[in-house]
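Report on one structure; see the data block that follows.
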Amino acid sequence: MIGRLNHVAIAVPDLEAAIAQYRDTLGAEVGPPQEEPNHGVTVVFIALPNTKIELLYPLGQNSPITGFLEKNPAGGIHHMCYEVPDIIAARDQLQGAGARVLGNGAPKIGAHGKPVLFLHPKDFNGCLIELEQT
Ligand code: CO
């Protein structure tokens, strides 16, 4: 069911420092910061030849990243995003297999303007999984 790895998301405590590190030290192609108020994050995409890295930084009062950074003050891998051709079919199949979908189960529009869902990390070896319809 899942296809390509769309991105790996890293929560960062200092967005400017992380941008400079990926751009200048690692020599990657770093995009501009995008504010995503509906998701409580500022996102920076880094294009790699085979996938993307998504830097996540808290935005607003109830950011889901704030608690993560409290537990992981140096930052850390927050989630992996896998591509699926049909997000509703993927959701129904996964829920049928007993996996929990976060929120109300309805896809939201993600940072790329495409429908996304998140799967409970306790059902996937401690890894928060994002599914994106491509
Ligand atoms: Co993501």
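The values are calculated or read from the model by the stated rules, or taken from the named source; none is laboratory data. Since this is a predicted model, take the numbers as computed values, not measurements. Here the Cβ positions follow ideal geometry from the backbone for every residue, glycine too, while neighbour counts run over all protein chains shown. Calculation scope for accessible area: heavy atoms of the full protein, side chains included, ligands and nucleic acids excluded. Shrake-Rupley method; radii C 1.70, N 1.55, O 1.52, S 1.80 Å.
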- Message: Looking only at residues that are closer than 19 Å to Ala9 by Cα, outside any strand (DSSP E or B) and among the aliphatic types (A, V, I, L, M) in region 99-120, which one is farthest from the ligand (Cβ to nearest atom)?
- Response: Leu102
- Could you tell me whether region 45-55 includes any residue that is touching a strand residue (DSSP E or B) at 6+ places or on another chain (Cβ under 6 Å) and away from the ligand (no atom under 15 Å from the Cβ)? no
- Query: Which one is least open to solvent (accessible area, probe 1.4 Å), of the residues in region 11-29 that are away from the ligand (no atom under 16 Å from the Cβ) and of a type in the set (Val, Ile, Thr)?
  - Reply: Ile19
- Only one residue in Val41, Val8 is in contact with a Phe, Trp or Tyr (Cβ under 8 Å, 6 or more places away or on another chain) and surrounded by 13 or more Cβ atoms within 10 Å (Cβ to Cβ). Which one? Val41
- Message: Checking the structure you have, find out if any residue of region 34-54 is closer than 20 Å to Leu131 by Cα, in contact (Cβ under 8 Å) with a residue 24 or more places away in the chain and among the aromatic types (Phe, Trp, Tyr).
- Response: yes
- Message: Tell me whether region 73-83 contains one or more residues that are surrounded by fewer than 19 Cβ atoms within 10 Å (Cβ to Cβ) and without any contact (Cβ under 8 Å) to a residue 12 or more places away in the chain.
- Response: no
